[in-house]
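Heads up: the structure comes next, in structure tokens.
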There are 2 protein chains.
Amino acid sequence: MITGKNQIGNTVSAIGTKTYRTFNPQTNQENLYLFTEAAAEEIDTAVSLAADAYKVFSKKSGKEKAAFLRAIAEEIENLGDDLVKVYTSESGLPEGRAMGERGRTVGQLRAFAAHIEEGSWVDARIDTAQPDRQPIPKIDLRKMNVAIGPIVVFGASNFPLAFSTAGGDTAAAFAAGCPVIVKSHPMHSGTGELVASAIIKAVEKTGMPNGVFSNLNSSGIEVGQALVQHPQVKGVGFTGSIRGGRALLDTAAKRQEPIPVFAEMGSINPVVLLPEALSNKATDWSKTYAGSITLGAGQFCTNPGLLVGVKGEGLDNFAQTLAEEIVKIEPTCMLHPNIIGAYEHNKSTAITQEGVAVLAAYDNDAKPNYGRQAVSKVTGSTFLENPTLHHEVFGPFSLIVECESHTQLEEVLNNLEGQLTGTIVATDSELENNSSIISALQNKVGRIIFNGVPTGVEVCPSMQHGGPYPASTDSRFTAVGVDSIKRWVRPFSFQAWPNTLLPEELQDENPMGISRIINGLQSTDKI
Amino acid sequence: MITGKNQIGNTVSAIGTKTYRTFNPQTNQENLYLFTEAAAEEIDTAVSLAADAYKVFSKKSGKEKAAFLRAIAEEIENLGDDLVKVYTSESGLPEGRAMGERGRTVGQLRAFAAHIEEGSWVDARIDTAQPDRQPIPKIDLRKMNVAIGPIVVFGASNFPLAFSTAGGDTAAAFAAGCPVIVKSHPMHSGTGELVASAIIKAVEKTGMPNGVFSNLNSSGIEVGQALVQHPQVKGVGFTGSIRGGRALLDTAAKRQEPIPVFAEMGSINPVVLLPEALSNKATDWSKTYAGSITLGAGQFCTNPGLLVGVKGEGLDNFAQTLAEEIVKIEPTCMLHPNIIGAYEHNKSTAITQEGVAVLAAYDNDAKPNYGRQAVSKVTGSTFLENPTLHHEVFGPFSLIVECESHTQLEEVLNNLEGQLTGTIVATDSELENNSSIISALQNKVGRIIFNGVPTGVEVCPSMQHGGPYPASTDSRFTAVGVDSIKRWVRPFSFQAWPNTLLPEELQDENPMGISRIINGLQSTDKI
């Protein structure tokens, strides 16, 4: 079923000599499939095919690209149980999660299909000619978004489907008209291969050009670096660690032609707990947060890793109940020995810092690779003095910061790095009366949540998934939702271009019926 | 009239010891005004005031920011003849150009005022709650663009008004809600000081926070580098040379928190001349291009520096007439001895390359600092072999590339760097039948022009001014037109946020009546 080969355009290939296997954290054993890493020649061929495919693919209509995206979704569904089996064997995640994530992945593909079929996303602007304008005539000018070129997508460890081979980055790039070369994640290369085969079936079924998609295996950093350095690659999508994302950003910045890198990286997703809200609901909130912290073994980028409150009875009650509740939860399997290794190391670094008290730690025996949750606590001043405590501990861990006052709480927020999300647990009047705390939080995050939990990232147009660095490398874009297509397009103007040779989106007749800005006014009118 | 001091928020200051003067290229003498460079302390104060001002300014409504922009325009107009006098004395440009550029500058400010007053630019997306959705409820989520923080703007040598102190970058940043610190261009610091004083009057008149604007003098690179490295600066706008822009990009990329740099840099703006179009209109086109090449002494970033055609009678006629016509034009004054020095050096480098023939060169005496135009010619194969010929010669110079065939012409285009514009001179049938040449040109440029000249950049929503590197550092944005506001904003999501505490743009009642995407559909409806 799994060949272990690379997908170079429509051809499978394995000319390299370096091999690796994936690992099943549930059975604590290597899986049988043997993957061959992509060789330099295969990398070159994949990029060169992508550059050729770009010329054809970038000109495909929204309808044609939509048919391709829908075919990918269908072929992924056609993989059936095989995909679920390989997914679970390579991630330790349960079947339900596999199926949920598959649903999300095909849902994303279909959302992009609908988005580009409708077509208004190209942001068409038309300024018609005014030949009689004084002192000089105005010439007809029309603008729309076009694809930037071949994109390299790095699979994410924690989302083998939704943020990997045919995940959000790939779907957005295809929707934009950009070919994609995936650097498969070494923890789930079998899952990646199956999804890649589904994409290739869709390529062939819908007549897309050879090279519009390739999938390269690699267990180290060399293949990824070579891809990002390749002159014909025009953009990069990445989900993972700050260290990994920053390395790619630095590599891209050193190119003769620098290219955009959108990396969605670390986040501790601060949660601000205000006293009144905790005064009678401390127990409810602590139960909710015990669930959010341990959800998926804490392996979500929106995991609440920092709980900031003001000293007092409410916070004490919250902390105590959270401590009691969180140890009642059964640990679950983490993705890989390396992930749990890093978790244990980072957790231990955090809890051994001066002034950090451990409030709760699951200390019963757990199966190998099962992540044991912990909650610890520190004062606001200690937190402010020790930047080590500001770093993410990827896994089921959270740190309570007990501030002396609202002022210190604001100072804590002002001293955080950029984050994907910020949450505020407050009464309505607390929300109204703490505008400077809320502003401080807003300045650090991409999404702010009132009386909820950060986990759970809805895929919809109003989702912002990305935030000030290091939450992401460019806060001006999102990694989730249809607006993520904007990462892979550039505006392009046609001046005095004959109507019949314009793309449909810019033609007088508006054959697609899209919404455009014509001489400054938004409308679906013809000209 | 000119104090030579820095504008640090609302205070003028000159604590530094390094001074410099601007130069009048028409009189070939230094101007009298003495400028004091910003000292480290002044840089720090300016940025720190900007960071404070951001908290207030970024929350101002579109109406309030529009009033500020309109007041700036008015105060610039109130500077009257003083501004024109200082402008001409620091640029060598004629009065008419000064007044035209002033008109463009205040026009840009007012266009942004109208844009943000209307308000739809924030790209509001609203997805309402579905509490009964299965398997999990959908939570209310709303997104809009918000300001990213203090922006550093570098004045451009060739546009003392429209791309400098209160130019497009500054207008866009203010419109977005970002404070601005301008690094004044050393060639026209007096012009910059006058405009800065107008901005400060507008700040005070419309009650904008102290620090929303600062203007720093500097004749070297240190002040600019210090600004780009400052942790509280969140974005950079630059118009100038590739070397200068790349240096800022590299500095920004090395920061602990990398920040976006939008630099609009070099471009040779290739013009493709197809044979049929030249067969009977060679003379017309050569006259048109003689004018475009020498317009403003060739000191526009859209100056046509490369004319690519296919060997034959049409191209011969075009070249011959262009040579005859261009020497009839009287040279005009260039901006500064350094600019004309670089022009003469780069022109000489180009025309002394092997295989380059000079077709025409103005060789009468010209006044000091007047740029003498030249046109040269090279074969397609020589051009392909020699990358030196691909570089910009900033000034009234153009190189004709004579290709063996349409195939070689396409190869020439494929080997160019990224460009702001590409022009195609063709008959309708040539345009229809040369799709691969047109695609090759499109892939290299931000704006494509049919049967026209690249000079003349209309300020309107459909203008794309920016292109693949090195035309600009990020082809996904424009430096001209209201869409240039997108460089300085990031999307921000509010989850489950109380309606009354949302920004007006996201409230149920849609009090501003803006166009929003509500549950996937564009409308101006209430909810």
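Of the accessible area of segment A:280-382, with the probe set at 1.4 angstrom, what percent is carbon plus sulfur?
Here carbon and sulfur together make up 48 percent of the probe-accessible area.
Quick check: net charge around residue A:170, other residues with Cβ under 13 Å of its Cβ, Lys/Arg +1 and Asp/Glu -1?
Net of charged neighbours comes to +2.
I'm checking a number: the convex hull volume of the Cα atoms of segment B:87-208, normalised per residue, in Å³. What is it?
So the per-residue hull volume is 125 Å³.
Give the range of the longest stretch in chain A that excludes all GluC sites (Glu not before Pro) found in loop regions by DSSP and having at most 12 other beta-carbon atoms within 10 Å.
The reported range is A:1-353.
Longest segment of chain B with no trypsin sites (Lys or Arg not before Pro) in a DSSP loop having at most 12 other Cβ atoms within 10 Å?
B:255-525
With all distinct Cα pairs included, what does the Kirkwood hydrodynamic radius of segment A:56-152 come out to in Å, to one decimal, could you say?
Evaluated on segment A:56-152, it is 16.9 Å.
Quick one: angle between helix A:40-57 and the longest Cα principal axis of chain A, in degrees between 0 and 90, rounded to 10, please.
60 degrees
Near residue B:337, within a Cβ-to-Cβ distance under 12 Å, what is the net charge of the other residues, with Lys and Arg +1 and Asp and Glu -1?
That works out to -2.
Please report which chain B residue places its beta carbon nearest the axis carrying chain B onto chain A, with the distance rounded to a whole angstrom.
B:253, 2
Which links in A:287/B:59; A:18/A:486; A:234/B:347; A:183/A:377; A:55/A:143; B:60/B:444 stretch past 29 Å when you go from one Cα to the other?
A:287/B:59; A:18/A:486; A:234/B:347; A:183/A:377; B:60/B:444
For segment A:270-450, with only Lys/Arg (+1) and Asp/Glu (-1) charged at the beta-carbon, what is the dipole magnitude about the Cα centre, in debye rounded to 20?
About 540 debye.
In Å², rounded to the nearest 100, what is the total accessible surface buried by chains B and A against each other with a 1.4 Å probe?
Protein heavy atoms only, the B-A interface buries about 5600 Å².
What whole-number value in cubic angstrom gives the convex hull volume per residue for the C-alpha atoms of chain B?
Looking at chain B, the number lands at 163 Å³ per residue.
What does the charge add up to near residue A:360, with Lys and Arg as +1, Asp and Glu as -1, over the other residues with Cβ less than 9 Å from its Cβ?
-2
Compute the semi-axes of the equivalent ellipsoid of segment A:270-450, taking the square root of 5 times each eigenvalue of the Cα gyration tensor, and list them largest first in whole Å.
Here the semi-axes work out to 26, 17, 15 Å.
Over the Cα atoms of the protein assembly as shown, what is the Rg over Rh ratio if Rh follows Kirkwood?
Dividing the radius of gyration by the Kirkwood radius yields 0.98.
Using 14 Å as the cut-off for backbone N distance, which residues of segment A:437-467 belong to the label zone defined by a point 7 Å from the Cα of residue B:133 along Cα→Cβ?
Within reach of a label on residue B:133, which here means backbone N under 14 Å from a point 7 Å along Cα→Cβ, segment A:437-467 contributes A:456-464.
Evaluate E = 1/(1 + (r/R0)^6) for residue B:225 and residue A:407, where r is the Cβ-Cβ distance and R0 equals 30 Å; express this FRET efficiency to the nearest 0.05.
0.30
How long are the semi-axes of the equivalent ellipsoid of segment A:430-527, defined as square roots of 5 times the Cα gyration tensor eigenvalues? Whole Å, largest first.
Working from the Cα gyration tensor, I get semi-axes of 39, 16, 13 Å.
Place a +1 charge on the Cβ of each Lys and Arg in chain A and a -1 charge on the Cβ of each Asp and Glu, then give the dipole magnitude about the Cα centre in debye, rounded to the nearest 20.
1340 debye
Take every residue in peptide B:455-467, count the Cβ atoms of other chains within 10 Å of its Cβ, and give the average of those counts.
6
Where does chain A land at 222 nm, in deg cm²/dmol rounded to the nearest 500, when only DSSP H runs of n ≥ 4 count, each adding -39500 (n - 2.57), divided by all residues?
Calculated from helices alone, the mean residue ellipticity at 222 nm is -12000 deg cm²/dmol.
Counting only other chains, what is the mean number of Cβ atoms within 10 angstrom of the Cβ of each residue in peptide A:483-494?
That average works out to 6.
Once the label point is placed 7 Å from Cα along Cβ, list for residue B:287 the distances to the corresponding points in the other copies, in nm, shortest first.
From this label point to the equivalent ones elsewhere in the assembly: 8.7 nm.
Taking the label point as lying 7 angstrom from Cα along the Cα-to-Cβ axis, what are the distances from residue A:511 to the corresponding position in the remaining copies, in ascending order and in nanometres?
4.6
Using the Cα centre of the protein assembly as shown as the reference point, and only Cβ charges (+1 on K/R, -1 on D/E), how large is the resulting charge dipole? Debye, rounded to the nearest 20.
It comes to approximately 0 debye.
The values are calculated or read from the model by the stated rules, or taken from the named source; none is laboratory data. As the structure is a computational prediction, the values presented were derived from the model and not from experiment. Positions of Cβ are backbone-derived with ideal geometry, glycine not excepted, and every protein chain shown enters the neighbour counts. With ligands, DNA and RNA removed, areas are computed over all heavy atoms of the protein, side chains included. Shrake-Rupley method; radii C 1.70, N 1.55, O 1.52, S 1.80 Å.
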